[in-house]
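The structure under discussion appears below in the form of structure tokens.
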Amino acid sequence: MKNKIPLRKCVLTGEMLPKMEMFRIIITKDNEVLYDETGKQNGRGLYLKKDIDVINKAKQTKKIESVFKVKNIDQIYDELISKLIK
């Protein structure tokens, strides 16, 4: 039997994609927003497609800020962009 690939929905595009094609961003109980590289950290999470245009659009529209109700998380967007450029 073939293993089922877990799908997640991108908060910006609405696409259902395999977890490996997405970035997981979490917010901790202390309202700290982090990029979850392992996909297993505790916290409420959201997923963004690993695409530079999607990350830039999310930054422009402040998508993560509106979902998590936080401010000034440009360093998260910059971290995601640097991961894509590598």
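Within the range 1-20, the set of residues being modelled with pLDDT under 95 and out of contact with any helix residue (DSSP H, G or I) (no Cβ under 7 Å at 6 or more places or on another chain) comprises 1, 2, 3, 4, 5, 19, 20. Checked against (1) crowded, with 18+ Cβ neighbours inside 10 Å; (2) over 20 Å from residue 17 (Cβ atoms); (3) modelled with pLDDT of 95 or more, residue 46 meets all criteria but (2). Restricting attention to the range 5-60, the residues that are part of a strand (DSSP E or B), over 13 Å from residue 81 (Cα atoms) and among the hydroxyl-bearing types (Ser, Thr, Tyr) total 1. Checked against (1) assigned to a helix (DSSP H, G or I); (2) free of Cβ contacts under 8 Å to residues at least 24 places away in the same chain; (3) surrounded by fewer than 18 Cβ atoms within 10 Å (Cβ to Cβ), residue 2 meets all criteria but (1).
The values are calculated or read from the model by the stated rules, or taken from the named source; none is laboratory data. The structure displayed is predicted, hence computed values, not measured ones. Backbone-built Cβ (ideal geometry, glycine too); neighbour counts: all protein chains shown.
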